[in-house]
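K.L.:
This is the structure, below, for whatever I ask next.
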Amino acid sequence: MAEGGWIRVAGVADIAPGEMMPLEIGGKPIALFHLEDGAWHATDNICTHAYALLTDGWLEDHEIECPLHAGRFDVRTGAALCAPLSEPIATHRVRVEGEDVMVMVG
C-alpha cells in the first residue's frame with residue numbers, strides 16, 4: 001500500500017479513454033474508469049440492484065450500464081440514474097501520479 005492509503009492499480013497507458021478495468025483491492029471488487037474526456041474514476045464494481053459486475057456492462061460517456069437489468073450509474077458521483085436502480089454505488093478517490101493510476105478505497 002502506498003503512502004496515505006493510496007494504491008497503485010494501473011499505468012495510465014493500461015486503459016484507453018472510454019474503457020474500464022475490473023480490480024480487486026483488499027478483497028473488494030472495484031471498477032476503474034478512464035473517461036473519454038481523460039478523467040479517471042473508480043466505483044464499487046457490484047450493482048446495488050442485483051449481483052452483477054458493472055465492468056461486464058457498457059460505458060458511455062460518464063455512465064455505466066449494468067449488464068443485468070440495464071440500470072445506469074454516473075461513475076463520477078455513483079448516482080443511480082434510472083429504474084430499476086434506487087441506491088447509488090460507492091465511489092473511490094483516484095489520482096494520477098506521473099504514469100501511475102492510484103486509488104484510495106475505504
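Readers should treat all values here as calculations from the given coordinates under stated rules, not as data from a laboratory. Remember, predicted model here, so these are calculated numbers, not experimental data. Counting neighbours? That spans all protein chains shown, and the Cβs are built from the backbone with ideal geometry, glycine included.
K.L.:
Consider the candidate values [x] 71, 37, 17; [y] 39, 27, 19; [z] 53, 38, 37; state which one is Cα extents along the principal axes in Å computed from the structure displayed.
P.N.:
Here the calculated entry is [y].
K.L.:
Extending each Cα 7 Å along its Cβ direction at K28 and L53, get the distance between those two points in nm, one decimal.
P.N.:
Reported label-point gap for K28 and L53 is 1.9 nm.
K.L.:
Explain nothing, just the number: relative contact order of the chain, from Cα pairs under 8 Å at least 6 residues apart, as a whole percent. Could you put the intermediate results ahead of the total?
P.N.:
Details: 228 pairs, mean separation 27.6, N = 106.
Relative contact order, the chain: 26 percent.
K.L.:
Turning to a different aspect of this structure: Picking from G38, G11, G27, which is most flexible by a Gaussian network model of the chain using Cα springs under 10 Å?
P.N.:
G27
K.L.:
A follow-up question, please. Among 79-85, 31-37, 45-51, how do they line up by average Cβ neighbours within 10 Å per residue, starting with the highest? Walk me through the numbers on the way to the answer.
P.N.:
Working: 79-85: 15.0, 31-37: 19.3, 45-51: 17.3.
Descending packing order for the listed peptides: 31-37, 45-51, 79-85.
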